Structure formats: C-alpha cells, structure tokens
Amino acid sequence: MSGRLKTVVDSAVPFLKGVLEPYSEVVYRAGFEMCREDLLDADALIIGTRTKCGRDLLEGTPVKLIATATIGTDHIDVPWCDSAGIIVTNAAGCDAGGVMNYVFSALYGVASRKGISLEGKTIGIVGVGHVGKLVDRVALSLGFNVMRYDPPREKAEGHFGFTTLDNLLSSSDIVTLHVPHNPSTFRMADESFFSRMKEGAIFINSARGEIVDDLALKKAAPKLSAIVIDTWNHEPDVDRELIDLADIATPHIAGYSYKGKQNGAAMSVKSLARYFSIEPLYEYFPEEVLELESVKLELKGLSQGEITSLMQYNYPIFTDDFLFRMDPSSFDSLRSGYQFRREFYVDF
C-alpha cells in the first residue's frame, strides 16, 4: 500500500512517529496549521482538538477518513462529513482515567487548601458517560453520596439511578460536568444553572468550555466555595478574569495521562488500519513504559488528609495550576509540551 495512501497527522498526537510510515506517506503538521493545501492528495487525517474539520478545510479533497485521537468531535462538522462521504471516528473513553484523576486530585486538593470537610458530601455528576461512570464508581468507593443527571442514559435505561437537573443542583455539594459539547449542552451552565446550586458548593468543569456561560459563572463565584476549570471558552485566548476567580485553573490537560494518550493514538491507528485494510496495525498499541504504568491507590480506611496526600503525590495538580497562572498566553505550549502523567486507579 506504500505510495498509494497519504495520511496527514497532527504532530502533537504522540506515539505515531514511524508507525504508519511502512504503509503510508505521512505528513506531520501542527494541528492549528493544517490547511486545505495539505489535504489535496490526502486520504486520511489523524487529528487532535486544534484542527477544525468542515467544508472550508475538506471540500474538494480526496480525504476519506478523519480519526480524532480525542473523545469529543465538536471540532468536526460531522453532518457535513457524513454528506461528503467522509468517515469520522473518535477515541471514546480514551482519557477517562486521566480525567477521573484530575477531578479527585482537584477536589481533595482544593478542599485541603480551603479547609472543607468532604465527609458525607454529595457529588452531582452531570453526564454519566465514559468519564462520568468512572467518577461515579470512585466517588462511591470513597464514601460520597452520588447524584446523576444524564437524559440520554435515563431515556435508554429508565429512571432508576438518575435525577433531574434541578434536584441535582439543589442537593449537591460538588457539581462536576462530563457532558459533550453539542447544541443541547451549549451554555447549559448559565445563570439559571448557578442560581439553583447550593450555597458553598464546589464547581468543576473538565468537559468543554462551551458548556459554561463565563459571565454567569463569574457572577456566581461569590456563592461557590471553590471553582475548578480545565476547559475554557475561546481556547487558547481564555478569560483572564475567570482564571483569577478559579481556585484551580489548568490549560485543558485533565485527560493528559500517559495511558490516555496511548489509548487515543491506538484507537486512531486502528480506525485507519481497518478502513484501509492495513492488517499489521489492526491491534496496534504503543509500548508501555514501565515507570509510567498505572498505580493502584489503596484508600480504604484512610483519612481525608491521607487521601489528599496520596492523590497529590501521584498527580500534583497545583503544579499545572501554577504554570498556567504564571503565563496564561502559554496555553498551547503548555499542552504541546506537557509531560504525560502516570494514572492512578482506586482499589475498590
């Protein structure tokens, strides 16, 4: 197949150098620099979130497959691609473990800094998909009460285990967002959303920035005990005032674990391999680096302080916060140069 297939790859997607070259011509480009000229003779793309794929980029090109090494597809005009006969695949759930680590490292870290007891607290999970389900399991294992809001799952599975958004917001001490960005979730965290939250609640957004109305969040800040933000509107040009209001602010790196990036790369390569019948890559997975294998945390019976120490040791989230605050304009460079962290998982 060499010489007949051409693939354009976002150079920021790790674990791909040399993988496709035996079977395809490969051109590496920074995601935000990909242009139509790059694709005039390309058959496939492997991208991250920085490449906006739609008519302007793709019309008139021979591209047949777009594989995004991310869970979301909001940077891709999927309906237009469908109409143009372009297959779109994503890496659903690839970074669930990393985002779960982020949520709990942030939660325990900010609670420690602000003297907030987490005993008996209720976590409200808005969106209980790949990430939300993992957050749910870990929260229950740590003794939290859990409330779940997920209309698509509730419709498919029935009412048991789910609640209304009103009930979740009015009853939860921690609200964490894990919904995709689409027309039904755009600006769902608006003024009404925050007005229904409990006084003194903690708010965490590690899903997509566009889910939140920034002005509404800034107005609500005085009633919230803590704000954690990893995903922002208008990335990389994010709201500096909102950075200052947040207790933890990071540059969209919640899912940047070593395992998550391995998963994303593997799922993208497998999609391309199966579409173009490259059999040697059907089961591709990047080699594991021993020191970056996931680590098990045994948390049963530990105090909040001990849990906090273990989580911060395995993911010192305030380092990411500090580096971002030092220079918010370095949003993209912090992401592209990020040292992928080792995931931890909780012993149930």
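Computed over the alpha-carbon atoms, the range 305-348 gives an Rg to Rh ratio of 1.08, Rh here being the Kirkwood radius from the mean inverse distance.
Its Kirkwood hydrodynamic radius, worked out from the mean inverse distance over all distinct Cα pairs, puts the range 204-348 at 17.6 Å. The mean accessible area for residues of the chain, using a 1.4 Å probe and ignoring ligands and nucleic acids, is 44 Å² per residue.
Each listed q (0.10, 0.15 Å⁻¹) maps to a log10 I(q)/I(0) for the range 73-191, found by the Debye formula over equal Cα scatterers with no solvent: -0.37, -0.77. Largest GNM mean-square fluctuation among Asp230, Asp327, Asp43, using the chain with Cα springs under 10 Å: Asp327.
For the range 233-329, applying the loop criterion from DSSP together with a ceiling of 15 other beta carbons within 10 Å to the trypsin sites (Lys or Arg not before Pro) yields Lys300.
What's the longest bit of the chain with no exposed GluC sites (Glu not before Pro), using DSSP loop states and at most 14 other Cβ atoms within 10 Å as the test? Walk me through the intermediate numbers first.
Working: sites that count: Glu59, Glu119, Glu199, Glu283, Glu287, Glu288, Glu293, Glu298.
Answer from the scan: 200-282.
When only alpha carbons are used to place a centre, the range 35-67 and the range 181-209 end up 33 Å from one another.
How much of the accessible area of the range 92-174, in percent, comes from carbon and sulfur atoms when a 1.4 Å probe is used? Write down the numbers at each step before the final one.
Details: 1750 of 3400 Å².
Taking all protein chains in place, the range 92-174 shows 52 percent carbon and sulfur surface.
Taking Val78, Val103, Val212 as the candidate residues, the one with maximal mean-square fluctuation in a Gaussian network model of the chain, Cα springs under 10 Å, is Val78.
Would you compute, from DSSP H runs of 4+ residues alone, the mean residue ellipticity of the chain at 222 nm, taking -39500 (n - 2.57) per run and dividing by the full residue count, rounded to the nearest 500?
Numbers: 14 runs with 122 residues, N = 348.
After summing the helix terms and dividing by residue count, I get -10000 deg cm²/dmol.
Placing +1 on the Cβ of every Lys and Arg and -1 on the Cβ of every Asp and Glu, with nothing else charged, gives the chain a dipole about its Cα centre of roughly 520 debye.
Pick from Lys121, Lys64, Lys155 the residue whose mean-square fluctuation is largest in a GNM of the chain, springs joining Cα atoms under 10 Å. Maximum fluctuation in the GNM of the chain, among the listed residues, is at Lys155.
Can you return the lysines within cross-link range of Lys121? Criterion is Cα-Cα under 16 Å, with same-chain partners fewer than 8 residues away left out. Leaving aside lysines fewer than 8 places away in the same chain, those within reach of Lys121 are Lys198. Only lysine pairs 8 or more places apart, or on different chains, with alpha-carbon atoms under 30 angstrom apart are counted in the range 220-316, and they number 7.
In plain terms, if you count all Cα to Cα distances in the range 139-261 and split them into 5 Å steps from zero, the share in each step is 2, 10, 19, 23, 21, 14, 8, 2, 0 percent. Quick one: with all protein chains in place, what share of the accessible area of the range 222-325 is carbon or sulfur, to the nearest percent (1.4 Å probe)? The C+S portion of the solvent-accessible surface of the range 222-325 is 53 percent.
Give me the Å³ per residue figure for the convex hull around the C-alpha atoms of the range 224-291.
Values: hull volume 9.5 nm³, N = 68.
Spread over its residues, the Cα hull of the range 224-291 gives 139 Å³ apiece.
For Lys218, a cut-off of 16 angstrom between C-alpha atoms picks up these aspartates and glutamates, skipping any fewer than 8 places away in its own chain: Asp190, Glu191, Glu199, Glu210, Asp230, Asp239, Glu241, Asp244, Asp247.
Tally up the carbon and sulfur contribution to the accessible surface of the range 29-73 as a whole percent, 1.4 Å probe, everything protein left in place.
C and S atoms contribute 49 percent here.
Stokes-Einstein at 20 °C, 1.002 mPa s, Kirkwood radius from Cα pairs: D for the range 1-143 in µm² s⁻¹? Don't skip to the answer; put the middle values down first.
Numbers: Rh = 17.5 Å.
Answer, rounded: 122 µm²/s.
The values are calculated or read from the model by the stated rules, or taken from the named source; none is laboratory data. Here the structure is a predicted model, which means the values were calculated and not measured. All Cβ positions, even for glycine, are placed from backbone atoms using ideal geometry, and neighbour counts span all protein chains on display. The accessibility values were calculated without ligands, DNA or RNA, using every heavy atom of the protein model including side chains. Shrake-Rupley method; radii C 1.70, N 1.55, O 1.52, S 1.80 Å.
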